[in-house]
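Notes follow once the structure below has been shown.
The values are calculated or read from the model by the stated rules, or taken from the named source; none is laboratory data. Quick caveat: nothing in here was measured; it's all calculated off a predicted structure. Neighbour counts run over all protein chains shown; Cβ positions are idealised from the backbone, glycine included. Areas reflect the complete protein model, heavy atoms only, side chains present, ligands, DNA and RNA absent. Shrake-Rupley method; radii C 1.70, N 1.55, O 1.52, S 1.80 Å.
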Amino acid sequence: MSAYVIDSTLFRDQFSTAQTRDIFSDEQTVQRWLDVEAALAKVQARMGIIPQKAADEIIAKAKVENIDLSDLKHEMDRTSHPIVPLLRAMKKVCDGDAVEFIHYGATTQDIVDTGTVLQIRDALMLIEQHYRDLLGHLLALAAKHRDLTMVARSHGQQALPITFGLKAAVWAEEMRRNLERFEAMKPRVLVGQFSGAVGTLAALGDKGIEVQEALFEELGLACPRIHWHVSRDGIAELACVLAICTGTIGKIAHEIYSLQKTETAELEEPFTTGKVGSSTMPHKRNPPTCEGIVALSRVVRSIAPLALEAMMAEHERDKIVLQTEREFITRLCCMSDAAAVKMGYVCANLSVRGTNMEKNLYIQRGLLMSEAVMFQLGEHLGKQEAHEIVYEICMDVFETGGDFREALLANPLVASKLDGAAIDRMLDPHAYTGMSGVFVDRVVAGAAV
């Protein structure tokens, strides 16, 4: 039985991926705790702190299949503690006195935090690859549609011509910056935790630092200069960076959703036969994938304030923080990955409707090109004077439903400065996309996937 969407048989693939669900499953959570305990025993045996025979037994038995998760859950409930029941479970399966040397010099949060960081590392490897895949699809869209003219919109209204390649290149460049942020956070996020009860490593005497450094070298994690039991800025940064990245993805999805509206119909997310838009309106071709991505981006963004709140930890240890993170880290990583995978699918298979883009360039009967006319007229009258004249003409055309070209030629002052052939050249949207192609080329050339 499941009560949350990530684990739901019906809904889980809308909110997560099979890979991230596995990474944060109970089995993998316990395995990562055991991995830390095994690595600790290994390095301590190498240093002569515990017997090698005991370390070998701990390593051999530190497998989640040796732990009865139902019994572990019962003991966790009874003791209100996660790791002591695990140690007792290991005592049942380890031969001899090996269990006396497990968890030597550690505290519970050392194991839990480091185990969580190992899970985060696994998740980030997946998410990063999916971000890079998405960036590749965006760059391909930008290059393919470098010169495909379409309407740019500001404040929801038609503005000027651009190319769809330019729009896709803006998306790609934002995603590239996100990958820079992603990479930059890793040294601060993928950091182990092993400092003992209150961060002093007192139980290990003068061997503490050596054990700490060897442990994190064994696990492939960065070694902190000092404990971070109550310094949760790394987890908060993780949440904020993933919120920014997923925000970009949600923005792209919302743009496709908007441009798929019937009255615009310039883009469409992938459609396959059998995909149903309505239980009562057979004609509907909805964008459910993009809608789902936008929803995911909103949920992920909502986690960032919670992660910042979790930075408010007390004294040297605070379980409130750990309980808060236990709830949101899984959601954060699962939903971030799901959004990236879904957006990659959409962009790899996006329907770009150039015919509709062309049609929409002319639905305002020339008004889209008012800036081009204003600047040309401004060479004769000055820009501000030209703006006033063209503004009045545009507003009249808008209200009366006339034609911009005819209205320009009907104005004596405009007609005295610009002839019909010149106006025709100014009203060509394909000739007024500026440096769109150059910007696309710069992005495509400069983005390493």
Return only the number of the condition from (1) touching a residue at least 40 places away in the same chain (Cβ under 8 Å); (2) assigned to a helix (DSSP H, G or I); (3) over 25 Å from Met312 (Cβ atoms); (4) β-branched (Val, Ile, Thr) that Ile162 does not satisfy.
(2)
Only one of (1) open to solvent by less than 80 Å² (accessible area, probe 1.4 Å); (2) under 27 Å from Ala152 (Cα atoms); (3) of a type in the set (Lys, Arg) does not apply to Arg285, and that is (1)
Of everything in the stretch 110-140, what is farther than 21 Å from Arg176 by Cβ and open to solvent by 10 Å² or more (accessible area, probe 1.4 Å)? Give them in sequence order.
Val112, Thr116, Arg121, Asp122
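Within 22 Å of Val440 (Cα to Cα), of a type outside the set (S, T, N, Q), open to solvent by 60 Å² or more (accessible area, probe 1.4 Å) and in a strand (DSSP E or B): is that true of Arg177 in this structure? Let's see the steps before the verdict.
Working: within 22 Å of Val440 (Cα to Cα): yes; of a type outside the set (S, T, N, Q): yes; open to solvent by 60 Å² or more (accessible area, probe 1.4 Å): yes; in a strand (DSSP E or B): no.
Taking the combined requirement at face value, the residue does not satisfy it.
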Would you check if there is a residue in the stretch 238-245 being surrounded by 20 or more Cβ atoms within 10 Å (Cβ to Cβ), modelled with pLDDT of 95 or more and part of a loop (DSSP other than H, G, I, E, B)?
no
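Please tell me if Ala89 is open to solvent by less than 60 Å² (accessible area, probe 1.4 Å), among the small types (Gly, Ala, Ser) and within 22 Å of Ser25 (Cβ to Cβ).
Values: open to solvent by less than 60 Å² (accessible area, probe 1.4 Å): yes; among the small types (Gly, Ala, Ser): yes; within 22 Å of Ser25 (Cβ to Cβ): yes.
Yes, satisfied.
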Which of the residues spanning the stretch 93-108 are in contact (Cβ under 8 Å) with a residue 60 or more places away in the chain, open to solvent by less than 50 Å² (accessible area, probe 1.4 Å) and assigned to a loop (DSSP other than H, G, I, E, B)?
Ile102, His103, Gly105, Ala106, Thr107
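Please enumerate the residues belonging to the stretch 266-295 that are of a type in the set (Gly, Ala, Ser) and either modelled with pLDDT of 85 or more or under 17 Å from Ala338 (Cα atoms) (or both).
Once the filter is applied, which keeps residues that are of a type in the set (Gly, Ala, Ser) and either modelled with pLDDT of 85 or more or under 17 Å from Ala338 (Cα atoms) (or both), the stretch 266-295 yields Gly292, Ala295.
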Please count how many residues of the stretch 265-319 are over 17 Å from Asp233 (Cβ atoms) and either in contact with a strand residue (DSSP E or B) (Cβ under 9 Å, 6 or more places away or on another chain) or outside any loop (DSSP other than H, G, I, E, B) (or both).
24
